[in-house]
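Taking it in order: structure first as C-alpha cells, then the write-up.
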Amino acid sequence: MLNPGWHLRQAPSSLSKLHIWWLFQMSWFKGWKITRKEGNMVGMTLLEALDSIMSPARPTDKPLRLPLQDVYKNGGIGTVPVGRVETGFLKPGMVVTFAPCNITTEVKSVEMHHEALAEALPGDNVGFNVKNVSVKAIRRGYREKQAPH
C-alpha cells in the first residue's frame with residue numbers, strides 16, 4: 001500500500017482510495033485544540049502522550065525479590081524457574097533461597113529471550129538454571145531471595 005520513503009503529506013491522497021481519510025483528521029493523530037470563552041486548551045497526539053510516560057524507578061540497591069511465574073524442566077539443563085526480578089539483581093553464581101519451602105541453591109546461569117545474561121536487573125523477565133533442585137520442589141508463586149551470607 002505505502003512504499004518506503006512515503007511522506008505524511010502523501011497519506012491522505014493515497015489513503016483516500018480506501019475511504020479512511022477521516023483517520024488522519026482524528027485528534028489522536030493531529031493533537032487537539034479547544035477554543036472556549038474561558039481560554040484555549042491544547043493537547044498531545046497519542047504518540048506524544050505515550051512518549052511522555054516515565055518508566056518507574058527500579059531499585060537495584062534493595063535485596064533480591066523474584067516471584068516465580070513458572071518452573072520448567074529442560075532435558076539438557078535441568079530445572080529452570082522463570083520469573084520477573086522485582087528488586088535487586090540476579091547473577092550466575094549467586095546463592096539463593098526459595099520461600100516458603102526454604103530450599104537454598106546456587107544459580108548456574110541466567111537467560112532472557114534465549115540469551116545469556118551476566119546480570120538480571122529489576123523489570124527483567126528471566127529464566128535461570130539452579131543446581132540440585134527438583135521441578136516438584138518449587139512452583140509458581142514461590143519467592144526467590146538472596147541467601148544470607
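Please treat every number below as a calculation from the coordinates, not as lab data. None of these values were measured; they are calculated from a predicted model. Every residue, glycine among them, receives a Cβ derived from its backbone with ideal geometry; neighbour counts consider all protein chains shown.
Number of residues in the range 44-83 that are over 18 Å from VAL135 (Cα atoms), of a type outside the set (Val, Ile, Thr) and surrounded by fewer than 16 Cβ atoms within 10 Å (Cβ to Cβ): the value is 17.
How many residues are part of a loop (DSSP other than H, G, I, E, B) and not aliphatic (A, V, I, L, M) if we restrict to the range 38-87? Explain how you work it out, then say what you get.
Of all residues in the range 38-87, those part of a loop (DSSP other than H, G, I, E, B) come to 38-39, 44-45, 52-64, 75-77, 85-86.
When the remaining residues are screened for being not aliphatic (A, V, I, L, M), the result is 38-39, 45, 52, 55-56, 58-63, 75-76, 86.
Total meeting the criteria: 15.
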